[in-house]
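Structure first, commentary second.
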Amino acid sequence: MSVKKISLLSLLAALAVAGRVSFQFIPNVQPMTAVIMITSILLGPLSGLIVAALGAFLSNLLMGMGYWTISQVAAWGSIAVLFGYLGKLSVKRMLMIGTPFAVAAGYLYGFIVSLPMFIMTKHGWLYYLSGLPFDTAHAVGNGIFFFILYPVMARAYYSLSDRWLYS
């Protein structure tokens, strides 16, 4: 991996962290998931996984670290891998294809983050079901942020890739 790509991934992780921290006043609505999805589509699943892990750890340093950090890394990492392979399938109409998948990713994230509660308590399903309104907020936020950020980030990526990213 080149220094230029590491720098780009660091900037994308910083963008994800800044977005998550700046929207923390709205529960479960943050552009971090959308940034991870778009990074995975444009740069591949490994790059999305790196941004997901860095973003989760760095943002939790600011917002509170706990056992849930591992679940968040697993959830955002799973989303990164899925969207990385989605990006390899189709690129032409990614905004229209990716937005419904971004909404579904909000529910997938909530389920993966809730998995430890199935192990730690007898009432894992109650915990998961009580979190569905927050998962819905996350899903709607994902769809909106993906729809807004994908054209901007894709244009920036393609203009950068022509000039210096792969040189």
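The values are calculated or read from the model by the stated rules, or taken from the named source; none is laboratory data. Source: prediction; values computed, not measured. Positions of Cβ are backbone-derived with ideal geometry, glycine not excepted, and every protein chain shown enters the neighbour counts.
Determine which member of the set Ala105, Ala80, Ala56 is touching a helix residue (DSSP H, G or I) at 6+ places or on another chain (Cβ under 7 Å), in a helix (DSSP H, G or I) and within 18 Å of Ala154 (Cα to Cα). Among Ala105, Ala80, Ala56, only Ala80 is touching a helix residue (DSSP H, G or I) at 6+ places or on another chain (Cβ under 7 Å), in a helix (DSSP H, G or I) and within 18 Å of Ala154 (Cα to Cα).
Restricting attention to segment 59-80, which residues are surrounded by 18 or more Cβ atoms within 10 Å (Cβ to Cβ), among the aliphatic types (A, V, I, L, M) and in contact (Cβ under 8 Å) with a residue 24 or more places away in the chain?
Ala74, Ala75, Ile79, Ala80
Under the condition of being surrounded by fewer than 18 Cβ atoms within 10 Å (Cβ to Cβ), small (Gly, Ala, Ser) and within 15 Å of the chain's Cα centre (by Cα), the residues counted in segment 89-129 number 1. Only one of the numbered conditions (1) modelled with pLDDT under 95; (2) of a type in the set (A, V, I, L, M); (3) assigned to a helix (DSSP H, G or I); (4) surrounded by fewer than 16 Cβ atoms within 10 Å (Cβ to Cβ) is not met by Leu86, and that is (4).
When every residue of segment 12-24 is checked against the conditions, at least one turns out to be at pLDDT below 95, assigned to a helix (DSSP H, G or I), touching a Pro at 6+ places or on another chain (Cβ under 6 Å) and crowded, with 16+ Cβ neighbours inside 10 Å. Does Ser78 meet the test of being of a type in the set (Ser, Thr, Tyr) and within 14 Å of the chain's Cα centre (by Cα)? Taking the combined requirement at face value, the residue satisfies it. Restricting attention to segment 132-149, the residues that are touching a residue at least 60 places away in the same chain (Cβ under 8 Å) and of a type outside the set (A, V, I, L, M) add up to 7.
For segment 26-34, state whether one or more residues are closer than 20 Å to Tyr158 by Cβ, assigned to a helix (DSSP H, G or I) and in contact (Cβ under 8 Å) with a residue 60 or more places away in the chain. Among the residues of segment 26-34, at least one is closer than 20 Å to Tyr158 by Cβ, assigned to a helix (DSSP H, G or I) and in contact (Cβ under 8 Å) with a residue 60 or more places away in the chain, which makes the answer yes. The lone criterion from (1) over 26 Å from Leu11 (Cβ atoms); (2) without any contact (Cβ under 8 Å) to a residue 40 or more places away in the chain; (3) of a type outside the set (S, T, N, Q); (4) part of a helix (DSSP H, G or I) left unmet by Val152 is number (1).
Surrounded by 17 or more Cβ atoms within 10 Å (Cβ to Cβ) and among the hydroxyl-bearing types (Ser, Thr, Tyr) - does that describe any residue in segment 130-146? Taking every residue of segment 130-146 in turn, none turns out to be surrounded by 17 or more Cβ atoms within 10 Å (Cβ to Cβ) and among the hydroxyl-bearing types (Ser, Thr, Tyr).
Restricting to segment 6-38, name every residue that is hydroxyl-bearing (Ser, Thr, Tyr) and over 12 Å from the mean Cα position of the chain (by Cα). Result: Ser7, Ser10, Ser22.
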